[in-house]
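These notes are about the structure you will find just below.
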């Protein structure tokens, strides 16, 4: 969409929406139409933010020397790109201080395992953690992940440079580009506890976790108990009146 494109007001588009559902009240439809206008504005803002992200000036050149252990052996940072010009790396909270990995990260990666084949058509994509590769692959097998590329950053140089200077067990997402053999940092998720609004979970925008997005659609929203677990005890179906 061009910056010069003149957009119809969101309220005008919302008013043209033909949707109606059985037995809804006029009050509900009026409120839903007002909400639809806000959803249209949100979509437009997401598009504006994405355009600003794409227009970022060149980031810093990535230092030489980062090496990762992959399922097929050691790989340099440049080799993680494969035949792509862009590389997305998610840092997984599964460091040596953890007996089990972060449940929130695990929930996210389980969703991404399904979308990874489509994502990988356009960009190189990998998951980095500070645990030995054998430990990562054992957990990959346990979860039944088929499509995620797991990389061990045992030296920790990459993690300290791009995720946590203190080498903390922190999550993070970074995007890198390669042009004419030069690798640069493009973008990093920089929203966290310090940028969170009162009473809200630290999160980025748009939200990269499908779990959060889906829970935001329901009337209960994301309650204090929304945090995922690694395992769930099956519960019988009950009828709520």
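Every read-out reported here was derived from the displayed coordinates using simple, explicitly stated rules and does not represent laboratory data. Just so it is clear, the structure is predicted and the values come from calculations on it, not from any experiment. Positions of Cβ are generated from backbone atoms using ideal geometry, with glycine treated the same way; all protein chains shown enter the neighbour counts.
Okay, here's what the table says:
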{"quantity": "At 0.890 mPa s and 25 °C, Stokes diffusion of the range 84-183 via Kirkwood alpha-carbon radius, µm² per second", "calculated": "176 µm²/s"}
{"quantity": "Length released on extending from residue 79 to residue 47, taking residue separation times 0.36 nm less the Cα-Cα span", "calculated": "8.3 nm"}
{"quantity": "Two-site label geometry, residue 138 and residue 224: point separation in nm, points 7 Å out along Cα→Cβ", "calculated": "3.6 nm"}
{"quantity": "At 0.692 mPa s and 37 °C, Stokes diffusion of the range 99-151 via Kirkwood alpha-carbon radius, µm² per second", "calculated": "285 µm²/s"}
{"quantity": "Candidates 115, 67, 195, ranked by Gaussian network fluctuation over the chain, Cα under 10 Å, top entry", "calculated": "195"}
{"quantity": "The range 130-241: projected area of the alpha-carbon convex hull, averaged over directions, in nm²", "calculated": "11.1 nm²"}
{"quantity": "Top of 37, 138, 170 by mean-square fluctuation, Gaussian network on the chain, Cα under 10 Å", "calculated": "37"}
{"quantity": "Spin-label model distance (nm) - residue 187 vs residue 32, 7 Å beyond Cα toward Cβ", "calculated": "3.3 nm"}
{"quantity": "Burial order of peptide ranges 98-106, 148-156 (average beta-carbon count within 10 Å, highest first)", "calculated": "148-156, 98-106"}
{"quantity": "Alpha-carbon centroids, the range 165-192 and the range 23-100: separation in whole Å", "calculated": "11 Å"}
{"quantity": "Gyration tensor over alpha-carbon atoms, the range 8-55, equivalent ellipsoid semi-axes in Å", "calculated": "28, 9, 8"}
{"quantity": "Computed log₁₀ I(q)/I(0) - Debye formula, equal Cα scatterers, no solvent, the range 32-146, q 0.14, 0.21, 0.24 Å⁻¹", "calculated": "-0.79, -1.28, -1.43"}
{"quantity": "Residue-averaged 222 nm ellipticity for the chain, from DSSP H runs of 4+ at -39500 (n - 2.57), nearest 500", "calculated": "-10000 deg cm²/dmol"}
{"quantity": "The chain, Cα convex hull volume normalised per residue, Å³", "calculated": "194 Å³"}
{"quantity": "Listed residues 214, 13, 52, most fluctuating in the chain (Gaussian network, C-alpha, under 10 Å)", "calculated": "13"}
